[in-house]
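Before any comments, here is the structure.
The values are calculated or read from the model by the stated rules, or taken from the named source; none is laboratory data. Remember, predicted model here, so these are calculated numbers, not experimental data. Methodologically, a virtual Cβ is constructed for each residue, glycine included, from the backbone with ideal geometry; neighbour enumeration extends over all protein chains shown. For the accessible areas, the whole protein counts, side chains as well, though only heavy atoms, and no ligand, DNA or RNA atoms are used. Shrake-Rupley method; radii C 1.70, N 1.55, O 1.52, S 1.80 Å.
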Amino acid sequence: MTDPLDVTQDTINSWADEPKGPVALHLKQKLLPVEGDGGVIFPPTYAGERSSDGPIYNIDTLSDGTKVAIIDSVGSQANRMEPIFKAEKVGHAENPLAKLVPQIEIVYGNEKTVSILEAGHRLGDAIIRSSELKDEAKKAFELFLNSGDASALAKLAPTSLVFGVWDSRDTQAKLPRIVQSVIRAWDVEVLKRSAQYNPPIDYAALAVFSEEEKAKQEGDPKSPLAKRGFVHVPAGEALGGIVARGPIERSVTVNLVALRKLDGENSTALRRYVLGIALVAAMESLDGFLRQGCLLTLDPAAPGQWVTVTRDGDRILVGLTRAVALDYATNSAKAFGPGQSRRIQFKKELAQADLKENDKKKAAEKTKTA
C-alpha cells in the first residue's frame, strides 16, 4: 500500500488557492452496528406517497436488484455536524471549535435561547427573519447575489458556507455545500415486527365502559378505547429495521471546486478560513447514536483514509489528521477574523410580518394565473 502524503499548512493552502488543484477530498468509512455484522439497524422513516402507506424507509432498488438504504441523509448529517461548533464545554475543557466561528444566540420566550448553529435552514431560517438579525442577514445575501462577495456571510454565519444555505423565502441566494456526508447500507433486507398491547386490568369489568363497547373497539388500533390504552390492541407488520448483507458506509466529500469559487474582500483569507472550518467538521468524530435502534461504530478492521481526487480522477492518499486540521483552522481563523459573538432578540412582530408578506405573495401569484 502506498504511504499517504504528508499534509502541511502549505499543502492545505494550496487546496484553497490553486485553481488547478484537486477537485475534492474524500473519505469512506465502514461502519458496524454495535451488535456486529448482521445486526439489525433502524433507518429513518419518511411519510409514504399515500396517507395509507404509513411510515416508510428510503430504500432504492438498483438495476441488478441490489437494495440500498439511506441510514442518515446529507441534510441530517449536516445538522449533526454543525452543532460541534457551539460554545459548550467538552468534558471539563472549553470546546476549542467554538472559537472558530461567531457564537450568535437568539433570545425568545422566557429568556430561552437558540443558537443559529441549530437552525435547520441556517442563515435562511425563519428564526433569522424573525429576529434582530434579519436586515444584516438580508444585506449579506444581497451582497453575495449582486457581486459574488461571500465575506459578509462568512463573518455572520460561516457554517452556512460550509454546509450550504438557500435563502428560498427571501433573496433566493443559494450556496452549495462544501462538506457533504451521507450514510448508506448496501444489499439490505427489510424486517417486520409485531406487538400486542394488553391492558393491566379489565376496565369493562369495572364499568368504565360496557362490555359491548369493549367488544366493538378491542383489536382496532384506531378506536378511541385503543388509542387511550384501555383495550387489547395487536400491532402487526410494522417496520422492524433492516439487515445489511453488504457494507454500511459513510461517505464524506469536501468540494474544493465550490470552495475556490468563494470570493470577496480578502478572498484568500476567506477561502482558507472556510476550508479550515470545513476540514474540522469533516474530520470530527460524530456520535454514532443516530436514533433508537441505530447505534453505529467505526469498523476497526477497515480504517478510512482521506484521499485527494484530481481532475483526472487520480486518488492520492493524504495523511490528514484532526490535529493538523484544527491547527490549520485555528491559524486561518486568526488571519480572517471571525465575526462578532452576540445575543439578539426574537421579534414576534417580524415573524407576523413575514407571514403577512407570504400571504401577499400567494395572492399576487393567484392574480397572475387567474
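Pairs of Cα atoms under 8 Å, at least six residues apart: use those to get the relative contact order of region 150-196, whole percent.
24
Out of residues 5 or more away from Gln305 or on other chains, whose amide H comes under 5 Å of its own, with H placed 1.01 Å from N in the peptide plane?
So Gln305 has HN proximity to Lys28.
What does the accessible area per residue of the chain come to in Å², with a 1.4 Å probe and no ligands, DNA or RNA counted? Write out the running numbers ahead of the final one.
On the way: 20490 Å² over 370 residues.
Per residue, the chain has an accessible area of 55 Å².
Compute the distance from the alpha-carbon center of region 7-85 to that of region 236-315, in whole Å.
7
Relative contact order, percent, of the chain when contacts are C-alpha pairs under 8 Å separated by at least 6 residues?
In percent, rounded to a whole number, it is 30.
Say R0 is 35 Å: what FRET efficiency, to the nearest 0.05, do Ala93 and Ile59 get from their beta-carbon distance?
0.25
How would you classify the chain from its alpha-carbon gyration tensor, with a ≥ b ≥ c the square roots of the eigenvalues: rounded for a/c under 1.5, else prolate if a/b is greater than b/c, otherwise oblate?
Here the chain falls in the oblate category.
Place the peptides 207-213, 37-43 in order of packing, highest mean first, counting for every residue the other Cβ atoms within 10 Å and averaging per peptide.
The packing order, highest mean first, is 37-43, 207-213.
Name the shape class, rounded, prolate or oblate, that the alpha-carbon gyration tensor gives for region 1-108, where a ≥ b ≥ c are the square roots of its eigenvalues, rounded holds for a/c under 1.5, and otherwise prolate holds if a/b is larger than b/c and oblate otherwise.
Verdict is oblate for region 1-108.
At a 1.4 Å probe, what is the % contribution of carbon and sulfur to the accessible area of the chain? Spell out each step's value before the answer.
Details: 10390 of 20490 Å².
Carbon plus sulfur share of accessible area: 51 percent.
Need one word for region 254-316: rounded, prolate or oblate. Basis is the Cα gyration tensor (sqrt eigenvalues a ≥ b ≥ c); a/c below 1.5 gives rounded, then a/b vs b/c decides.
Oblate.
Restricting things to alpha carbons, find the Rg to Rh ratio for region 138-183 using the Kirkwood radius for Rh.
Result: Rg/Rh = 0.99.
Could you work out [θ]222 nm for the chain from helices alone, using -39500 (n - 2.57) per DSSP H run of at least four and dividing by all its residues? Round to the nearest 500 deg cm²/dmol.
Numbers: 12 runs with 117 residues, N = 370.
Using -39500 (n - 2.57) per qualifying helix, the result is -9000 deg cm²/dmol.
For Arg129, Arg169, Arg184, Arg228, give the ranking by accessible area with the largest first, probe 1.4 Å. Intermediate results must be reported in sequence, preceding the final value.
Values: Arg129 20, Arg169 125, Arg184 90, Arg228 185 Å².
Correct descending sequence by accessible area is Arg228, Arg169, Arg184, Arg129.
Any of Lys134/Lys155; Lys99/Lys174; Lys112/Lys138; Lys134/Lys347; Lys139/Lys348; Lys192/Lys214 with alpha carbons more than 18 Å apart? Name them for me.
On the way: Lys134/Lys155 15 Å; Lys99/Lys174 26 Å; Lys112/Lys138 24 Å; Lys134/Lys347 10 Å; Lys139/Lys348 21 Å; Lys192/Lys214 28 Å.
Violating the 18 Å Cα-Cα cut-off are Lys99/Lys174; Lys112/Lys138; Lys139/Lys348; Lys192/Lys214.
For region 271-316, which trypsin sites (Lys or Arg not before Pro) are both in a DSSP coil and crowded by at most 16 other Cβ atoms within 10 Å?
Arg311
Calculated FRET efficiency, Leu191 and Leu355, Cβ-Cβ r, R0 41 Å, to nearest 0.05?
0.40
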